[in-house]
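Below is one structure, written out as structure tokens; comments come after it.
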Amino acid sequence: MPDESPEQSTESALQNWREAERSAAVARRGRVAAEAAAMAAEDAAVAATATAEAAKSALNAMTLAETSAQKTAEAAKLAALSTRADLADATSDEAIAEVENEAARQAYHAATERATDRD
């Protein structure tokens with residue numbers, strides 16, 4: 001967490017704020033990417049399950065395709081679960097970064113007010 005001492009300089013507070021803003025932006029991009037991946041993984045799970053259902057009605061020669069599709073559906077479900085966990089982590093990282101960003105912004109404003117009061 002940034003230095004929030006009452007004696008923090010304006011330059012230091014601004015630097016901390018900039019770093020916190022960068023962290024927040026990275027966290028937001030990570031969350032957006034995780035959301036997109038989660039949606040794609042869920043779509044893949046639905047598609048794989050539909051493929052499995054179609055394979056059940058096929059001839060005996062389709063048994064291998066059914067097994068493969070079922071495995072694909074399971075893999076897609078696992079990918080969706082994993083991606084949801086990544087999304088939760090990214091959302092948590094974003095929230096922490098936003099809190100740090102706000103704290104750094106407030107410290108910067110306090111430092112600028114102290115600097116103005118000294119002048």
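Miscellaneous remarks
- Per residue, the chain reaches -32500 deg cm²/dmol at 222 nm when only DSSP H runs of four or more residues are counted, each adding -39500 (n - 2.57).
- The shape of segment 57-119 can be summarised by an equivalent ellipsoid whose semi-axes, obtained from the alpha carbon gyration tensor, come to 59, 7, 5 Å from longest to shortest.
- Using only side-chain charges placed at the Cβ, +1 for Lys and Arg and -1 for Asp and Glu, the dipole size of segment 10-118 relative to its Cα centre rounds to 180 debye.
- Shape annotation for segment 10-118: C-alpha extents along the principal axes are 86, 13, 13 Å, from largest to smallest.
- Rounded to the nearest 10 degrees, the angle from helix 63-118 to the longest Cα principal axis of the chain is 10 degrees.
- The angle between the Cα long axis of helix 10-56 and the longest principal axis of the Cα atoms of the chain comes to about 10 degrees, rounded to the nearest 10.
- Charge dipole (the chain, unit charges on Cβ, about Cα centre) - positive-most of Ala115, Ala75, Ser23: Ala75
We did not get these values from a lab; they are worked out from the coordinates using the rules stated. What you see is a predicted model, and the numbers here were worked out from it, not measured in a lab. Methodologically, a virtual Cβ is constructed for each residue, glycine included, from the backbone with ideal geometry; neighbour enumeration extends over all protein chains shown.
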